[in-house]
1. Taking the Cβ of Trp326 as the center, what net charge do the other residues with Cβ under 13 Å away carry, scoring Lys and Arg +1 and Asp and Glu -1?
2. Sorted by accessible area (1.4 Å probe), largest first, how do Trp326, Trp49 line up?
3. Using the basic label-point model (7 angstrom from Cα toward the beta carbon), what is the Glu233 to Ala213 distance in nanometres?
4. Going by the alpha-carbon gyration tensor, a ≥ b ≥ c the square roots of its eigenvalues, is region 150-350 rounded (a/c under 1.5) or, if a/c is not under 1.5, prolate (a/b greater than b/c) versus oblate?
5. Can you give the net charge of the other residues whose Cβ lies under 14 Å from the Cβ of His35, counting K and R as +1 and D and E as -1?
6. Treating cross-link reach as a plain straight distance, find the lysines whose alpha-carbon is under 26 Å from the alpha-carbon of Lys71, omitting any fewer than eight places away in the same chain.
7. Taking Rh as the Kirkwood radius computed over C-alpha pairs, what is the Stokes-Einstein D of the chain at 37 °C in a medium of viscosity 0.692 mPa s, expressed in µm² per second?
8. Which value results for Rg/Rh of region 99-257 when Rg is the Cα radius of gyration and Rh the Kirkwood radius based on the inverse mean 1/r?
Amino acid sequence: MTDTLQITDISAPGYERIVRGVDSASGLHALIAVHDTTLGPALGGLRMWPYESEEDALFDVKRLGKGMTYKSAVADTGLGGGKAVIIGDPKTTKSEALYLAMGRLVDSLNGKYITAEDVNTTLADCAIIRRATKYVSGLAREDGGSGNPSPYTAYGVFLGIKAALGHVFGDDSCKGRSVVIQGLGAVGSALARRLADAGATVYGADRNADKIAKLQSEIGLVPLADEEVMTKECDVFAPCALGAILNDDTIPGLHTPIVAGAANNLLLEPRHGQMLREREILYAPDYVINAGGIINVSVEFRDGGYDEDVALSKIERIPVALKQLWTIAKEEGIPTSEAADQLAQRIVADAQGK
Ligand code: NAD
């Protein structure tokens with residue numbers, strides 16, 4: 001049987017390779033961006049989204065792939081950065097044939113790109129991809145993978161919050177501190193439990209009332225309305241839901257000395273890092289503090305395979321990276337977000353011998 005998958009290259013300066021996969025039989029229309037493999041194979045999740053055009057999908061996959069290079073560089077995962085997107089509506093387009101074709105597209109890059117779950121791609125979808133390629137990470141433990149990354153992400157965010165408390169208050173204890181969490185999903189709920197265990201008063205909001213009720217009875221979470229979450233006076237604001245929430249409209253209303261949470265792409269634009277700095281709010285750059293999940297996955301690639309103890313000890317270095325960034329930012333008078341990007345670029349350039 002001839003394969004109906006057509007693979008073509010898209011030229012993009014600054015990216016090692018971008019491929020388009022179109023398969024008439026399954027309806028697959030996907031892009032993979034390999035941004036940089038200097039530090040190792042490009043690992044990044046597979047997103048499915050109903051993009052209006054291929055141009056929109058290309059913009060997103062490039063932005064996300066480059067972000068993965070930076071994230072892995074600072075987290076010292078030994079991996080490079082890349083990302084993949086399937087253009088389509090997850091409610092109507094998903095099929096076994098589609099993910100098998102996606103697997104063949106991933107396989108065509110011979111390990112330069114390793115895929116994983118992401119928005120609208122589940123572990124079950126990744127298990128189908130695995131039948132067409134070995135270059136899949138983050139599978140369930142019973143399938144030989146490192147399993148659900150969320151508890152590891154939450155652990156890293158918890159350690160990052162403690163580091164921020166130490167930096168701002170000279171004491172990293174959570175006892176008596178107030179933390180507001182926006183979004184009590186996989187990461188936010190695990191973070192809430194850790195903070196409550198450590199003695200913090202935890203406030204939280206979520207679109208889903210059941211998630212709030214569960215934590216109210218379990219850990220005494222204090223519920224907040226959606227609109228209160230970004231103006232509530234607290235010691236730490238921990239965004240764990242959506243990106244782009246730090247912007248011209250919200251930053252002036254923040255009542256916290258620290259923003260440190262799991263959500264990706266928190267700054268609407270890079271200049272909002274400067275706005276936080278001007279308000280003397282300590283910002284833990286999102287891709288540095290939320291790297292616990294990728295660090296956990298990266299351990300799958302070490303000699304000997306996945307080992308949870310190795311993952312935890314690497315996650316425990318997230319506060320070290322954050323403190324380094326806060327110091328650089330202070331010394332150079334730049335936003336912490338900019339310090340993170342500069343550090344990531346320098347790590348890659350040093351490895352390239354530039
Ligand atoms: P999730 O889908 O399990 O949880 C998100 C929660 O946010 C949901 O409970 C949802 O109801 C809630 N929510 C949505 N909009 C909201 C709003 N306006 N106000 C309050 N709550 C709202 O996702 P997750 O896996 O917990 O990830 C949370 C964030 O962290 C995402 O931005 C994700 O990209 C990022 N992240 C997650 C991981 C991971 O390991 N899961 C790793 C790195 C980054």
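The values are calculated or read from the model by the stated rules, or taken from the named source; none is laboratory data. Please read these numbers as outputs of a predicted model, since none were measured by experiment. Using ideal geometry, Cβ is built from the backbone for each residue, glycine included, and neighbour counts are taken over all protein chains shown. The protein model used for the area step is the full one, side chains on, heavy atoms only, and it has no ligands, DNA or RNA in it. Shrake-Rupley method; radii C 1.70, N 1.55, O 1.52, S 1.80 Å.
1. Values: positive: Arg277, Lys323, Lys330; negative: Glu280, Glu331, Glu332, Glu338.
Here the charged neighbours net out to -1.
2. Numbers: Trp326 5, Trp49 115 Å².
The ordering from most to least exposed comes out as Trp49, Trp326.
3. 3.2 nm
4. Details: a/c = 1.66, a/b = 1.11, b/c = 1.49.
It comes out oblate by the Cα gyration axes.
5. Working: positive: Arg17, Lys62, Arg63, Lys66, Lys71, Lys83, Lys112; negative: Glu16, Asp36, Asp60, Asp341.
In short, +3.
6. Counting by Cα, and skipping residues close in sequence, Lys71 has these lysines nearby: Lys62, Lys83, Lys112, Lys134, Lys162, Lys314, Lys323, Lys330, Lys354.
7. Values: Rh = 20.8 Å.
Approximately 158 µm²/s, per Stokes-Einstein.
8. 1.08
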